[in-house]
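Attaching a single structure in structure tokens format; questions to follow.
The values are calculated or read from the model by the stated rules, or taken from the named source; none is laboratory data. Here the structure is a predicted model, which means the values were calculated and not measured. Using ideal geometry, Cβ is built from the backbone for each residue, glycine included, and neighbour counts are taken over all protein chains shown.
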Amino acid sequence: MNRQRDIERALDAWLVDGSSHMPDRLFQAVLDGVERTPQRHRPWSNLRFPPMSPRLLVASAAVIAVGFVGFAVLGGRPVEPSPGATASPTAPPATPSPSPTLLDLGPREIRDYAWLGEPRPADQLGADVELMALVFKEDKLRLDTGLTWLMQSEMRAAGPRELTVTSVENPGGCAVGDVGRYQWSLSPGGTKLVLDHIQDDCSSRAAVLPGDWQRAGCEATWCLGELEASRYASQFFDPFAAATDPSKPRFGALRYAVPDGWSNIEDEHATYRLARSDSAAEPRIDLHAEVLVASQSDPCKEEPDPDVERTAAAITDWLGSAPGVVSSVSVAVSIGDLDGWLIDVGMEPGWTPPCSSGTGVPYGVLFTDGEPSEGFSWSVRPEMRMRLYVLDLGDGRTLLIEIRSPDATTHGAVLAEATGIVESFEFE
């Protein structure tokens, strides 16, 4: 899958010295997907926390070097007083005072992430709103609307699970010096944040901050990363928008529930991906909008077949006779008020796939995209097993939901868990 677009905006320079990595298994999952099939991309690629500054690295290295020199001079042994010397009384260490800044609020540091939420009314903000993202950084809080920063405030810990915010900029309907107090709570896994209003001089901030927020836990993107057992919402995925429409956020176009052990590794205009956190890319649940059958006259070109309609029924019928594909009998199904068909597919034993990836793995192309510039393709390869939900979107286009397993031996266990996730899908 691939969606090449210019990056429209990036985080302001004040976001520094934060998290600069994601879990290795998520990184490997993305690499695996990129290697085998192109990736669709949206223009937002702005949640990156740069690594430590060079100046700070040099200073840290100098301190460490001095420590090693001193240790070597002393022979690695503690210094003992000379005979007859009287040790000077040592003052007891001072008890550190509690930090006034909001640094560590639970299982994960809130300040290391952006928190995505349901769009609030924008009439009080004095600015257009495309998304709602709270970004906590050191002792500052800002609201990212997808177009601008609003409500920059200084934060202080005001008590157990309580914080105070003081406005330092005018944009967003708050006056400089407006003070607000909020209670906060984190879910056990740190993926959900709840803010409750206590008091706020700024009415627009009081209208925006309270409520439920979900953590954007992916490196350099707005996807959610590792999930805990809970219910979540997509931020950018919108299967009801055509591929040619401008890509923009639409919170909650997909809502779903997952058990522990899953991650959201991609949230794009026409693609949404969930993967097992303890595996490299598979098992997976992928959602793809704007999907067309690939012409089999030269499948490696990944061009649409003009003779196969885009409807769920037509695509499902084609899968029943596709070259190199062995499939089950299709079954009528409804997922999140979308009707269509369920069908299990795999590669026919002994079939020689016509295409090969950069790593030499053979594959056969089944689907391509309605937008040629995107270079999207979807393939079947040896040993792979897939359960497909082919659903009508109501406008002549289809949504494909794929449960993918790396081989037949794990497919049954994958289906048992992944089917429950798919059946929890709701579309808006």
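For GLY190, are the conditions met, namely being over 22 Å from LEU150 (Cβ atoms) and touching a Cys at 6+ places or on another chain (Cβ under 9 Å)?
On the way: over 22 Å from LEU150 (Cβ atoms): yes; touching a Cys at 6+ places or on another chain (Cβ under 9 Å): no.
The answer is no for GLY190.
Only one of these is within 14 Å of ALA418 (Cβ to Cβ), surrounded by fewer than 17 Cβ atoms within 10 Å (Cβ to Cβ) and not assigned by TED's automatic domain parsing to the domain that holds MET132: ALA242, ALA275, ALA257. Name it. Break it down stepwise before answering.
Numbers: ALA242 fails: within 14 Å of ALA418 (Cβ to Cβ); ALA275 fails: surrounded by fewer than 17 Cβ atoms within 10 Å (Cβ to Cβ).
Matching residue, one of ALA242, ALA275, ALA257: ALA257.
If you don't mind, there's one more thing I want to ask. Checking the condition part of a strand (DSSP E or B), more than 30 Å from PHE236 (Cβ to Cβ) and either touching a His at 6+ places or on another chain (Cβ under 9 Å) or of a type in the set (A, V, I, L, M) (or both), which residue from ALA158, ALA175, ALA133 passes?
On the way: ALA175 fails: part of a strand (DSSP E or B); ALA133 fails: more than 30 Å from PHE236 (Cβ to Cβ).
The match here is ALA158.
Need the failing condition index for ALA314 against (1) at pLDDT 90 or above; (2) over 21 Å from THR368 (Cβ atoms), just the number.
Among (1) at pLDDT 90 or above; (2) over 21 Å from THR368 (Cβ atoms), ALA314 violates only (2).
Just the residues that are in contact with a His (Cβ under 9 Å, 6 or more places away or on another chain) and closer than 23 Å to GLU417 by Cα, please, taken from the stretch 220-239.
PHE237
Next question, about the same structure. GLU169 is checked against (1) under 22 Å from ALA216 (Cβ atoms); (2) not in a strand (DSSP E or B) and fails just one. What number does that condition carry?
So the condition that GLU169 fails would be (1).
Here is a follow-up. Could you figure out which of (1) assigned by TED's automatic domain parsing to the domain that holds ALA114; (2) farther than 19 Å from PRO188 by Cα isn't true of ASP212?
With (1) assigned by TED's automatic domain parsing to the domain that holds ALA114; (2) farther than 19 Å from PRO188 by Cα applied to ASP212, the lone miss is (2).
If a residue has to be more than 30 Å from the chain's Cα centre (by Cα) and hydrophobic (A, V, I, L, M, F, W, C) to count, how many in the stretch 140-167 make the cut?
Selection size over the stretch 140-167: 1.
Have a look at GLU309, GLU266, GLU282 and point out the one that is assigned to a strand (DSSP E or B) and either more than 14 Å from LEU366 (Cβ to Cβ) or in the same structural domain as LEU388 (by TED's automatic domain parsing) (or both).
Working: GLU309 fails: assigned to a strand (DSSP E or B); GLU282 fails: assigned to a strand (DSSP E or B).
Every option except GLU266 fails the conditions.
I'd like the residue in the stretch 193-207 that is assigned to a strand (DSSP E or B) and of a type in the set (Asp, Glu) and, out of all such residues, is farthest from ALA127 (Cα to Cα).
Step one: of the stretch 193-207, the residues assigned to a strand (DSSP E or B) are 193-200.
Adding the requirement that they be of a type in the set (Asp, Glu) leaves 196, 200.
Values: ASP196: 24, ASP200: 20 Å.
That would be ASP196.
Going through VAL325, VAL329 one at a time, which residue ends up being closer than 24 Å to SER357 by Cα, modelled with pLDDT of 90 or more, surrounded by fewer than 22 Cβ atoms within 10 Å (Cβ to Cβ) and more than 16 Å from the chain's Cα centre (by Cα)? Before you say what the answer is, go through the steps one by one.
Values: VAL329 fails: closer than 24 Å to SER357 by Cα.
Step by step, each of VAL325, VAL329 is checked, and only VAL325 is closer than 24 Å to SER357 by Cα, modelled with pLDDT of 90 or more, surrounded by fewer than 22 Cβ atoms within 10 Å (Cβ to Cβ) and more than 16 Å from the chain's Cα centre (by Cα).
A further question on this structure: Can you name the condition, by its number, that TRP378 falls short on among (1) in a loop (DSSP other than H, G, I, E, B); (2) modelled with pLDDT under 90?
So the condition that TRP378 fails would be (1).
Can you find a residue in the stretch 241-256 that is in a loop (DSSP other than H, G, I, E, B) and on the phi > 0 side of the Ramachandran plot? Quick ask: steps written out before the conclusion?
Taking the stretch 241-256 as the starting set, the residues that turn out to be in a loop (DSSP other than H, G, I, E, B) are 241-253.
Those left that are additionally on the phi > 0 side of the Ramachandran plot: 252.
Yes, the conditions are met somewhere in the stretch 241-256.
Please list, ordered by first then second residue, the pairs with beta carbon atoms under 6 Å, 6 or more apart or interchain, first in the stretch 405-426 and at pLDDT below 95, second in a helix (DSSP H, G or I).
Cβ pairs passing all conditions: SER405/HIS411; SER405/VAL414.
All but one of (1) over 18 Å from HIS288 (Cα atoms); (2) at pLDDT 85 or above; (3) among the small types (Gly, Ala, Ser) hold for GLY396; which doesn't?
(1)
So that you can scan it fast, the table gives a plain yes or no per residue for (1) part of a strand (DSSP E or B); (2) hydrophobic (A, V, I, L, M, F, W, C); (3) crowded, with 21+ Cβ neighbours inside 10 Å:
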residue	(1), (2), (3)
SER334	yes, no, no
ASP344	yes, no, no
PRO349	no, no, no
GLU383	no, no, no
MET386	yes, yes, yes
GLY394	no, no, no
GLY412	no, no, no
THR419	no, no, no
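State which residue is farthest from SER247 (Cα to Cα) when the search covers only the stretch 149-167 and only residues that are free of Cβ contacts under 8 Å to residues at least 40 places away in the same chain and buried (at least 16 other Cβ atoms within 10 Å of the Cβ).
By that ranking, first place goes to ALA158.
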